[in-house]
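The values are calculated or read from the model by the stated rules, or taken from the named source; none is laboratory data. Fair warning: this is a prediction, and the values are worked out from it, not measured in the lab. Don't worry about glycine lacking a Cβ; one is built from the backbone with ideal geometry, like all the others, and counts go over all protein chains shown. Note: accessible area is taken over every heavy atom of the protein model, side chains too, but ligands, DNA and RNA are not part of it. Shrake-Rupley method; radii C 1.70, N 1.55, O 1.52, S 1.80 Å.
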There are 2 protein chains.
Amino acid sequence: MPDQVPTFQHSWIGDQSLSGELTDKQWKILKAALTVFTEKGYSASTTSEIARVAGVAEGTIFRHFKTKKEILLATLIPLMQNFIGPGATNSLHDLLLENDNLPMEEVLLLILEDRQKHIAALWPLLRIVLLEANYHPELKDVLLNNVVRKVQKSFLVFLEQRQRKGELRDDLDVWKLMCSIFGGFVTYLVSCTLFPEREQGKNNRQELKVIVELFLRGAQKQT
Amino acid sequence: MPDQVPTFQHSWIGDQSLSGELTDKQWKILKAALTVFTEKGYSASTTSEIARVAGVAEGTIFRHFKTKKEILLATLIPLMQNFIGPGATNSLHDLLLENDNLPMEEVLLLILEDRQKHIAALWPLLRIVLLEANYHPELKDVLLNNVVRKVQKSFLVFLEQRQRKGELRDDLDVWKLMCSIFGGFVTYLVSCTLFPEREQGKNNRQELKVIVELFLRGAQKQT
DNA sequence: TCAAAAACGGAGTGATTACTCATTTAGGAA
DNA sequence: TTCCTAAATGAGTAATCACTCCGTTTTTGA
């Protein structure tokens, strides 16, 4: 059997994303684990394959991690805490600071375009996190508290500011407004991957503009 | 080890949902398989546990199904074709026929309430279907063609009718309108399960009304 | 009523699993 | 060079996996 070449390169992972103090071997193991888990899911992955991909002996793996599950957690939890979470909020935060004076419509478009690129780049990682969070409560906790809640908070603050400026209706909960734009956006992303034929040849920015406009017509203060 | 009592009872499955011609044993096996897969996922489930839950010998399983994967497909594919798919479209179809004369807002509210109940009742089944579709293309195909596309079509027809009546804007694709209401609705459902504390004590119907109103303000023809 | 056929049971198969452990290797200090 | 220690190794282990085989029981049909 020939060696399989991993189809998914984790080029976006910096050394600091997994943990501060990692030996060369630990680093190789976690990177290999991420590759294998990403391709087959946790249950269908084997420690022997992780060892093979990492280029170390199987015994070495269990010198650094007590169990297979510990490998999963040691891989995904630091990535959520140090990479996915900060990556999601920092970029959003900067974007909001820099464009505070722009009209709502343009800021939202910038945000959605930025998020779309970000999600696309991280998709293999996000996919395995979302899937495995269903079976491992430890992952679900970290996902909720270090990613979901933080992104929510940043975005809610932004919407509340705009609400105070009078650019958004104040007769209903900002949460509902967030659900509306978030839902429309995610549904568009899903629709792009499930039905690529539908979105082919269309201008992505134009499509995002429609989503923003549809949201704002519902969410803006009545003139 | 004491026998485990399945925590998820598939009381909603009718005999005809899985297949027309099933022996008693086959029926027991598929029901047990569904229970076990639902709890642990496909990869982490074992044929010996399925046999135990079904109350048959492990050999009996492989008399009826060649492989473990065949059990998965024989369980989920008929359920999608005969139960999830029809259940989703029939109810929608009836509801639209009966309330053709009602204003858009009320019909949408009825639809969302109906869908919410339906999804809640089927959730354990839908969950395993959505999760395993990520790893088994055969499931993904059936899910797309026998569930997603059919629901879409029914709903698109409804929206197009209302568009022709002048109740919805005709300056943009109905698809976008569908994405908008669908996204807002699904996001609300997800938010209810992820953050139950947020929705506790609130009137569900009232919350759905807000979603509908938010959508319609964006999607209705400007007066 | 009875023989042929089909269904069933459960011990058993080799392969594979997560994980262990005695041994080897590597690298720095004396 | 010669230790010493910690890291790395890979053959090995018991358990478990999906799946088979064959004797027994049940069903079928005439």
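If one takes the accessible area of chain A alone plus chain B alone and subtracts that of the pair, with a 1.4 Å probe, what total in Å², rounded to the nearest 100, results? Write out the running numbers ahead of the final one.
Values: alone 12930 and 12890 Å², together 22200 Å².
Protein heavy atoms only, the A-B interface buries about 3600 Å².
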Open item on the list: Using a 7 Å offset from the Cα along the Cα-to-Cβ direction at both residue A:66 and residue B:138, what is the distance between the two label points in nm, to one decimal?
Closed with: 4.0 nm
Task: P(r), alpha carbons of the protein assembly as shown - 10 Å bins starting at zero, rounded % - done: 4, 18, 26, 26, 18, 7, 1, 0
- [ ] Quantify, in whole percent, the carbon and sulfur part of the accessible surface of the stretch A:165-223 (1.4 Å probe; protein heavy atoms only).
- [x] 53 percent
Open item on the list: What do you get for the angle between helix A:24-40 and the principal long axis of chain A? Use alpha-carbon atoms, 0 to 90 degrees, nearest ten.
Closed with: 70 degrees
TODO: Give the accessible area for residue B:123 in Å² (nearest 10); use a 1.4 Å probe, count only protein heavy atoms, and leave out ligands, DNA and RNA.
DONE: 120 Å²
- [ ] For the stretch B:77-106 and the stretch A:158-223, write down the distance between their C-alpha centroids in whole Å.
- [x] 27 Å
Task: Sites residue A:175 and residue A:130 - FRET efficiency at Förster radius 22 Å, r taken between beta-carbons, to 0.05 - done: 0.55
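Given R₀ = 22 Å, FRET efficiency for residue A:165-residue B:198 by Cβ-Cβ distance, to 0.05?
Working: r = 25 Å, r/R0 = 1.13.
That pair, residue A:165 with residue B:198, gives E of 0.35.
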- [ ] List the residues of the stretch B:209-223 that lose 20 Å² or more of accessible area once all protein chains are present, compared with their chain alone (1.4 Å probe, heavy atoms only, no ligands or nucleic acids).
- [x] B:210, B:213, B:214, B:217, B:218, B:222
Task: Nearest-first distances (nm) between copies at residue A:197, label 7 Å from Cα via Cβ - done: 4.7
Task: Net charge dipole size for the stretch A:12-143 [Lys, Arg +1 and Asp, Glu -1 on Cβ; Debye, nearest 20] - done: 920 debye
Task: Relative pair counts by distance (%), Cα atoms of the stretch A:84-223, 5 Å bins - done: 2, 9, 17, 21, 21, 15, 10, 5, 1, 0
Open item on the list: Run the simple label-point estimate for residue A:73 and residue B:58 please: 7 Å along Cα→C-beta, distance reported in nm.
Closed with: 3.0 nm
Open item on the list: Just the number please: accessible area per residue for the stretch B:27-137, 1.4 Å probe, all protein chains included, in Å².
Closed with: 43 Å²
Open item on the list: What does the copy distance list look like for residue B:144, label position 7 Å along Cα→Cβ, in nm and ordered from shortest?
Closed with: 3.3
TODO: Report, to the nearest 10°, how far helix B:104-132 tilts away from the longest principal axis of the Cα atoms in chain B, using its own Cα long axis and a range of 0 to 90°.
DONE: 20 degrees
TODO: Treating the angle as unsigned and between 0 and 90°, give the value, to the nearest 10°, between the Cα long axis of helix A:149-164 and the longest Cα principal axis of chain A.
DONE: 10 degrees
Open item on the list: With the label 7 angstrom out along Cα to Cβ, how close does residue B:119 come to the same site in each of the other copies, in nm, nearest first?
Closed with: 1.5
